[in-house]
Structures are given as structure tokens and as C-alpha cells.
Amino acid sequence: QVQVVESGGDLLQPGGSLRLSCAASGSIFRIYDMDWYRQAPGKQRELVAAVTQSGITKYADSVKGRFTISRDNDKNMVYLQMNSLRPEDTAVYYCHLALTAHGVLGIQYFWGQGTQVTVSS
């Protein structure tokens with residue numbers, strides 16, 4: 001079994017910074033893509049940032065230059081450093097992983113439970 005847990009969400013003012021963490025644990029053999037998504041009230045879930053196993057990153061246009069995704073393959077963790085936060089960044093942020101697990105054929109996809117980020121003055 002695999003568990004995915006996000007942490008780091010908070011309430012903060014515009015212009016602030018925050019770092020989200022996502023930890024994967026369990027019978028993991030290898031993690032491939034590690035992504036951060038977000039979902040604001042009344043909106044669809046959207047991809048914010050992604051990083052491949054080799055470290056190639058991509059970002060949504062709305063967060064380019066402000067957010068940085070990184071991963072620690074030894075710890076099975078992915079991070080999202082968010083700077084210059086805006087009210088429109090308010091959302092529940094979800095970690096999404098593509099991985100292979102011991103004893104299971106094929107790539108599986110897992111979501112975390114989400115962590116709330118609220119940006120408000």
C-alpha cells in the first residue's frame with residue numbers, strides 16, 4: 001500500500017511565501033512524475049507544476065517565475081516553493097504521483113488528501 005500526504009498549507013497575506021511538502025511512503029519501487037495540482041472553489045482541478053524523475057520541470061503560466069517544484073528521490077518527497085503569492089492562488093493543493101510499487105505490475109497513480117492555501121489580506 002502507498003500513502004501520499006501533503007503538508008504546509010496555511011493562511012497568509014498577498015506577497016507572502018509558503019513551502020508545501022508531499023511525502024510518499026509504503027511499498028514504493030520507483031516514482032516517476034511528481035505533480036502539484038490545485039483546485040479553487042467552483043473551479044476544475046488544474047496542474048500547477050510537475051517534475052520528472054530526471055528533474056525536468058514544467059509550470060502553469062500563472063505560476064511561472066513565482067513557484068518552484070523540486071523533489072528528493074532518496075526521501076520520496078516533492079516540494080512546492082511558492083513566492084509572491086496572490087489571492088488567486090487560493091486553493092486546495094494536491095500532490096499527484098506516478099509510481100511503480102513492489103509486487104504490482106504497471107504504473108499506478110496516487111493523490112494526496114490536499115492541503116489548503118489561502119491568500120487574503
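Which members of segment 6-38 meet the condition of being in contact (Cβ under 8 Å) with a residue 60 or more places away in the chain, among the polar types (S, T, N, Q) and farther than 19 Å from S84 by Cα?
S7, S27 - these are the residues of segment 6-38 that are in contact (Cβ under 8 Å) with a residue 60 or more places away in the chain, among the polar types (S, T, N, Q) and farther than 19 Å from S84 by Cα.
Determine, yes or no, whether S62 is without any contact (Cβ under 8 Å) to a residue 24 or more places away in the chain and small (G, A, S). Outline the logic, then answer.
Details: without any contact (Cβ under 8 Å) to a residue 24 or more places away in the chain: no; small (G, A, S): yes.
For S62, the condition - without any contact (Cβ under 8 Å) to a residue 24 or more places away in the chain and small (G, A, S) - is not met.
Computed from the coordinates by the stated procedures, all read-outs in this text should not be read as laboratory data. It should be emphasised that the depicted structure is a prediction, and the values quoted were computed from it without experimental measurement. No Cβ is skipped: glycine too gets one built from the backbone with ideal geometry, and neighbour counts run over all protein chains shown.
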